[in-house]
Structures are given as C-alpha cells and as structure tokens.
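First the structure, in the form of structure tokens, and then the observations on it.
The values are calculated or read from the model by the stated rules, or taken from the named source; none is laboratory data. Just so you know, these numbers come straight off a predicted model, no measurement behind them. The area values use the complete protein model at the heavy-atom level, side chains included, leaving out ligands, DNA and RNA. Shrake-Rupley method; radii C 1.70, N 1.55, O 1.52, S 1.80 Å.
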Amino acid sequence: MNYKNIHIGKLIQSFVKQNNMSSADLARKAGKTRQNIYDLYKRDDVEVKLLLTLCDVLQHNFIEDLYPTKKNDTPVIIDKVFDAIKELIEEKIKEKQTTT
C-alpha cells in the first residue's frame, strides 16, 4: 500500500461510520468540536498529536494503517515516524509525572 495515496480524513471517517459512532461522539471524546471533526474528514494529512489522540479515543492504530509494517523490509520513513511518536509519548508521560 502506498501511504501517499491514503486520505487520512476519509480513513478516519470510514472507521467512525463502520463502528456506528457519530461525529459528535468522536468530537466529545477527542475534546474537539463537531466542526473540527468535519474539517478533519476533508484533510489528507493530520498532525501526529491529533492522530495519537484519535488512535487513543477510537482504540485503533491508524499509524499502522498509514505505514504498515513490512517483514524485514521496513522503509526508513516508518522508523522516523515511530521515533517521533515515541518521543511524543515520552513527553506525555513526563508531563503526567510532573503534574502528579
């Protein structure tokens, strides 16, 4: 699958519909407005932090959908994406530890 041909907004919208969730429900769970969600559906890219939030609230790994793991043939781009995600997760953990 060529990740450049994937429209992330449509992918998320399709997942939401398949799971019988409304856009209002997604907005509420993600801490966004319905208009934010409708705008998201139109976008062909999304910020990593928002994507992580959506993965969390929808309990689905969209990153794997976008950058599927290939056995023994992992492109460098996947390594960079996952490294960036790891850094964001580490930042969130440190933030939570300092506030508790």
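Over the heavy atoms of TYR41, what accessible area does a 1.4 Å probe trace out, to the nearest 10 Å²?
20 Å²
So what does SER22 come to for accessible area, using a 1.4 Å probe and Å² rounded to 10?
50 Å²
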